[in-house]
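The values are calculated or read from the model by the stated rules, or taken from the named source; none is laboratory data. Here the structure is a predicted model, which is why all the values come from computation and not from measurement. FYI the Cβ positions are ideal-geometry reconstructions off the backbone, even for glycines, and counts take in every protein chain you see. Surface accessibility is based on the protein's heavy atoms, side chains included, excluding ligands, DNA and RNA. Shrake-Rupley method; radii C 1.70, N 1.55, O 1.52, S 1.80 Å.
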Amino acid sequence: MTRSTALAEFVRILGRGPGRSRSLTQDEAYQAMQIMLTGQAAPQAVGAILMLMRMKGEVAPEIAGFAAAARDFLNASTDTSGVNVDLDWPCYAAGRTRGLPWFLLSAKLVAGTGTRILLHGWNGKDPAIRTGLDYLGIPVVNDFASVNAALDNHNIAYLPLEDAYPALFNLLNLREILGLRSCINTVCRMLNPAGSQDSVQGVFHPPYRLLQADAAALLGWRNMTVIKGGGGEFERHPGKLIDAFGLRAGQSWQEDIPAISDDKRKLSEIELPYEALVDLWRDGTDASHGFAMDLVLGTADLALDTIGSSRSAADLWQARHDASASSPASM
């Protein structure tokens, strides 16, 4: 098979025309993604696959096949057998409609229970999340081999897609050439590098909640919560009812999560410096009139529910600050 024809059969499946084209099966999607990641395919064929899928709308078997192939291919050169991650937490939103990344405090709070959390992502030109990681002292590891050591020391770490998985990043970054989002955005959210059984995910476009939940079921995940979150991240708005989708014990799950606040402001309307993240974490003070605290605790409660914990985020927050009062606080 030549480089120019490596993806031809999959382009034909997707592009035969009305009444003849169809979606890829999970196995076909797996094969196509393996070819795209190895660089065996002509760039024109890769673009054709991605744009044909965008036009018809991707389906769960395609996303499951792509995600499984990406994880298998990208981890083939790394021994992942000893990597232990309790909660997968992807971060792939562009951030145009959000403020500070308050959800990082939620992740730190849950990690404080001993839950090993792997954040991974890429956020384009938006610096908010990477800057927030730095302010909050969440370690950034630049390759998958370093994940376990970071989690042993901190219970939480962030893995940049562009450093750890450049082949997949190159596919994601085709948006700069094609001018449109592709299914690779969804695949990255479903990457789950460590193969955790539990995951929390945010989306910007509501229809993707069910798509990702269905793909997780096909991949055999145990628990998953996916919501329309702040700027597309897993971050709940405390003043809104949240339609949550996903899995519980491997079974499809959907629940309406009631609002916990009367504050309806948009996240982007809260303009605070990055130091506000640190102030809230260290001192327990809320510089935004209760909104940020409700957001952090509400998001943490959803994550705790995902991993099957009966613990309350409010109780964890109070216990952490009680402990800080009797000993020097640390990040």
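Figures for the structure shown
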quantity	calculated
Some residue of the range 261-275 being within 30 Å of residue 71 (Cα to Cα) and free of Cβ contacts under 8 Å to residues at least 40 places away in the same chain	no
Answer residue from the range 185-211, given it is assigned to a helix (DSSP H, G or I) and out of contact with any Phe, Trp or Tyr (no Cβ under 8 Å at 6 or more places or on another chain) and is farthest from residue 61 (Cα to Cα) among those	208
Test: residue 189 is touching a Pro at 6+ places or on another chain (Cβ under 8 Å), crowded, with 17+ Cβ neighbours inside 10 Å and modelled with pLDDT of 95 or more	yes
In the range 145-180, residue nearest to residue 282 (Cα to Cα) [restricted to those that are touching a residue at least 24 places away in the same chain (Cβ under 8 Å) and assigned to a loop (DSSP other than H, G, I, E, B)]	155
Test for residue 198: is it open to solvent by 30 Å² or more (accessible area, probe 1.4 Å) and among the acidic types (Asp, Glu)	no
Number of the exception - residue 142 against (1) in contact (Cβ under 8 Å) with a residue 60 or more places away in the chain; (2) within 28 Å of residue 181 (Cβ to Cβ); (3) open to solvent by 10 Å² or more (accessible area, probe 1.4 Å)	(1)
Filter pass, residue 134 being over 19 Å from residue 189 (Cβ atoms) and free of Cβ contacts under 8 Å to residues at least 60 places away in the same chain	yes
Unmet criterion (only one of (1) without any contact (Cβ under 8 Å) to a residue 12 or more places away in the chain; (2) crowded, with 21+ Cβ neighbours inside 10 Å) for residue 122	(1)
Answer from 228, 264 - the residue that is closer than 19 Å to residue 91 by Cα and basic (Lys, Arg)	228
Number of positions in the range 1-55 that are within 20 Å of residue 181 (Cα to Cα) and among the β-branched types (Val, Ile, Thr)	3
Within the range 224-331, helices (runs of 4 or more DSSP H) holding 1 or more residues that are at pLDDT below 95 and open to solvent by 80 Å² or more (accessible area, probe 1.4 Å)	275-283, 313-326
Residue match in the range 170-179 (condition: under 16 Å from the mean Cα position of the chain (by Cα), closer than 21 Å to residue 233 by Cβ and surrounded by fewer than 23 Cβ atoms within 10 Å (Cβ to Cβ))	yes
Flag for residue 133 being of a type in the set (A, V, I, L, M, F, W, C) and within 27 Å of residue 38 (Cα to Cα)	no
Selected residue [in contact with a Lys or Arg (Cβ under 6 Å, 6 or more places away or on another chain) and over 28 Å from residue 120 (Cβ atoms)] from 319, 259, 323	259
Identity of the residue in the range 148-169, in contact with a strand residue (DSSP E or B) (Cβ under 8 Å, 6 or more places away or on another chain) and either modelled with pLDDT under 95 or surrounded by fewer than 21 Cβ atoms within 10 Å (Cβ to Cβ) (or both), that ends up nearest to residue 88 (Cα to Cα)	155
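Here's the yes/no breakdown for (1) among the polar types (S, T, N, Q); (2) farther than 26 Å from residue 88 by Cα:
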{"residue": "27", "(1), (2)": "no, no"}
{"residue": "32", "(1), (2)": "no, no"}
{"residue": "38", "(1), (2)": "yes, no"}
{"residue": "47", "(1), (2)": "no, yes"}
{"residue": "50", "(1), (2)": "no, no"}
{"residue": "57", "(1), (2)": "no, no"}
{"residue": "61", "(1), (2)": "no, no"}
{"residue": "69", "(1), (2)": "no, no"}
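Residues are listed down the side, and each one gets a yes or a no for (1) in contact with a Lys or Arg (Cβ under 6 Å, 6 or more places away or on another chain); (2) open to solvent by 10 Å² or more (accessible area, probe 1.4 Å); (3) of a type in the set (Ser, Thr, Tyr):
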{"residue": "7", "(1), (2), (3)": "no, no, no"}
{"residue": "59", "(1), (2), (3)": "no, yes, no"}
{"residue": "65", "(1), (2), (3)": "no, no, no"}
{"residue": "86", "(1), (2), (3)": "yes, yes, no"}
{"residue": "93", "(1), (2), (3)": "no, no, no"}
{"residue": "99", "(1), (2), (3)": "no, yes, no"}
